[in-house]
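First comes the structure, then the notes that go with it.
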Amino acid sequence: MSVTLTLINKIQLADDVWAFRFKPSEVQQWVAGQYMSIELPHNNPDSKGAKRWFTISSIPADRIMQITTRITNSSFKHALAAMPEGGHINLLGPPIGNFTWQDTDKPIVFVAGGIGITAFYSILRQRAHDGLPLQAHLIYANRTDDITFKKEFDDFAANNPEFKVDYVVGKPLTLRSLAELAPSITGSMVYIAGPTMMVKQLSDGLEASGLPYKQIKQDSFSSYNIQTY
């Protein structure tokens, strides 16, 4: 029997970024940072069809499954934005993915490009909920200064001395900017999430600079690029 997600509400978080909060017809379990596959049948779907993968930006304790996304020109996003409260989508299997917190004795650096921030938001919220240390340095690049979850990250930094956040606005991240913000990055555990090309370029560059591949976690958002992230 398939699981149905019922829209509770939708909230605008930043310019074109919205959070969609769903109640599942059956209780779901997942690890913060994982993603889910959903189906939203709609009229005249474009070439990408009616199915998508989304990081779950809520945590299990919320008892809801939240999607946080930019509303782009795809038929799927238009259908999602037009969905009324009480509308339904289909959950296609249990949440999966290994872009999750990994205990390590190395410094942890989170690198986010635009909407790639969603996994880090859920990971940090889960750590805070569980009363665990937030020993990480978040480097968050966004196209504009209308930054999704900025208040939440600033609050984390204010209340957790071991957590640090740097915002990079209006320009893409480079190996040089990462090295300037996190000088010990090649000796760290590095998580990178954002547009596919950004993730690949930074991952390849860091590995070439001496960061072991096993110390890199990647989460690529294939629907975005440097103009839309």
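The values are calculated or read from the model by the stated rules, or taken from the named source; none is laboratory data. As the structure is a prediction and not an experimental result, all values here were calculated from the model. Every residue, glycine among them, receives a Cβ derived from its backbone with ideal geometry; neighbour counts consider all protein chains shown.
Quick check, is residue 112 outside the structural domain of residue 68 (by TED's automatic domain parsing), crowded, with 16+ Cβ neighbours inside 10 Å, touching a residue at least 24 places away in the same chain (Cβ under 8 Å) and closer than 20 Å to residue 206 by Cα? Walk me through how you get there before you give the answer.
Details: outside the structural domain of residue 68 (by TED's automatic domain parsing): yes; crowded, with 16+ Cβ neighbours inside 10 Å: yes; touching a residue at least 24 places away in the same chain (Cβ under 8 Å): yes; closer than 20 Å to residue 206 by Cα: yes.
Against the criterion (outside the structural domain of residue 68 (by TED's automatic domain parsing), crowded, with 16+ Cβ neighbours inside 10 Å, touching a residue at least 24 places away in the same chain (Cβ under 8 Å) and closer than 20 Å to residue 206 by Cα), residue 112 qualifies.
Just one of the listed residues (93, 131, 86) is without any contact (Cβ under 8 Å) to a residue 12 or more places away in the chain and part of a loop (DSSP other than H, G, I, E, B), namely 131. Pairs are defined by a Cβ separation below 9 Å, a sequence spacing of at least 6 or placement on different chains, a first member in segment 48-71 that is at positive phi, and a second member that is hydrophobic (A, V, I, L, M, F, W, C); the pairs so defined are 49/76; 63/27. Pairs meeting the criteria (first residue in segment 135-148 and part of a strand (DSSP E or B), second residue small (Gly, Ala, Ser), beta carbons under 6 Å, at least 6 apart or on different chains) are 137/182; 140/112; 141/113; 142/114. Taking the criterion of being touching a helix residue (DSSP H, G or I) at 6+ places or on another chain (Cβ under 8 Å) and of a type outside the set (Asp, Glu), the residues of segment 145-159 that qualify are 148, 149, 153, 156.
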